[in-house]
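To start, the structure under review is shown below, and the notes come after it.
The values are calculated or read from the model by the stated rules, or taken from the named source; none is laboratory data. Values in this document were obtained by computation on a predicted structure and should not be read as measured data. Methodologically, a virtual Cβ is constructed for each residue, glycine included, from the backbone with ideal geometry; neighbour enumeration extends over all protein chains shown.
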Ligand SMILES: [Cu+2]
Ligand SMILES: [Zn+2]
């Protein structure tokens, strides 16, 4: 059974209660939403969400693997794990693309998931300088295997504008230049090249719980 947010929230709320001790309810009002103290929604439990992607062939029929996403609560980062094989050694761009459509050698997936109309960028950038779907590069070893272990603060598995559920993951032939390539393509796609493989971000029926 998955943990909920309760432990996490309680550790924060006890600190908060100490900090706010002595404040009147009127002083709470700057934090209020709809007349309720702003912290109250955080006290509600949430259930961890998990998703998985099973890759299918794009322009390569060598590349295969699976990618897992896990998020404990809406205000937690998303943990991305997985294993992709059949790659050329070195870096390969990894993105969440807009559409859950794998046709035409992954072209059906459309462009990078970009609900905030930002330029393409590095996974570590803020939302004003990366697409929500920009997950940077994965690196394959000499055997062509990439082990994924990424933590991301922008994507989400919970409802909202950055929700990546029912979108797709694309693995590219080339290194993503992270928006620093100095040309137009760099700020759109990172010049990451062809779409080797792709898969739809679907609910994981056997979530991995911490
Ligand atoms: Cu891509
Ligand atoms: Zn992008």
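What to note about this one:
- For segment 84-99, the condition holds for no residue, the condition being that it is free of Cβ contacts under 8 Å to residues at least 12 places away in the same chain and away from ligand 2 (no atom under 16 Å from the Cβ).
- Put simply, of 110, 144, 179 the only residue that is on the phi > 0 side of the Ramachandran plot, modelled with pLDDT of 95 or more and within 12 Å of ligand 1 (Cβ to nearest atom) is 110.
- Taken over segment 190-202, the criterion of being closer than 22 Å to residue 117 by Cβ and in contact with a helix residue (DSSP H, G or I) (Cβ under 7 Å, 6 or more places away or on another chain) is satisfied by 191 alone.
- Whenever a residue of segment 157-181 is closer than 14 Å to residue 139 by Cα and in contact (Cβ under 8 Å) with a residue 24 or more places away in the chain, its partners that are away from ligand 1 (no atom under 16 Å from the Cβ) and in a loop (DSSP other than H, G, I, E, B), lying with C-beta atoms within less than 9 angstrom and at least six residues away or across chains, give the pairs 173/88.
- Residue list for segment 190-206, restricted to those being under 17 Å from the mean Cα position of the chain (by Cα) and crowded, with 17+ Cβ neighbours inside 10 Å: 198, 199, 200, 201, 204
- From the list 93, 121, the one residue that fits, being crowded, with 20+ Cβ neighbours inside 10 Å and in a loop (DSSP other than H, G, I, E, B), is 121.
- Subset tally (residues that are surrounded by fewer than 22 Cβ atoms within 10 Å (Cβ to Cβ) and either under 22 Å from residue 196 (Cβ atoms) or within 15 Å of ligand 1 (Cβ to nearest atom) (or both)) for segment 153-166: 1
- Checking each residue in segment 84-100 for being more than 9 Å from ligand 1 (Cβ to nearest atom) and either closer than 17 Å to residue 61 by Cα or under 20 Å from the mean Cα position of the chain (by Cα) (or both) picks out 84, 85, 86, 87, 88, 89, 91, 92, 98, 99, 100.
- Filter result for residue 103 (within 11 Å of ligand 1 (Cβ to nearest atom), closer than 22 Å to residue 58 by Cα and in a loop (DSSP other than H, G, I, E, B)): no
- Remark: residue 115 falls outside the filter, which requires a residue to be part of a loop (DSSP other than H, G, I, E, B), in contact (Cβ under 8 Å) with a residue 60 or more places away in the chain, surrounded by fewer than 18 Cβ atoms within 10 Å (Cβ to Cβ) and under 16 Å from the mean Cα position of the chain (by Cα).
- Lone unmet requirement of (1) in a loop (DSSP other than H, G, I, E, B); (2) within 15 Å of ligand 2 (Cβ to nearest atom); (3) without any contact (Cβ under 8 Å) to a residue 24 or more places away in the chain for residue 154: (3)
- Residue that is farthest from ligand 2 (Cβ to nearest atom), among those in segment 166-202 that are within 23 Å of residue 70 (Cβ to Cβ) and out of contact with any strand residue (DSSP E or B) (no Cβ under 6 Å at 6 or more places or on another chain): 202
For (1) surrounded by 19 or more Cβ atoms within 10 Å (Cβ to Cβ); (2) more than 16 Å from residue 112 (Cβ to Cβ), each residue gets a yes or a no:
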residue	(1), (2)
130	yes, no
134	yes, no
149	no, yes
188	no, no
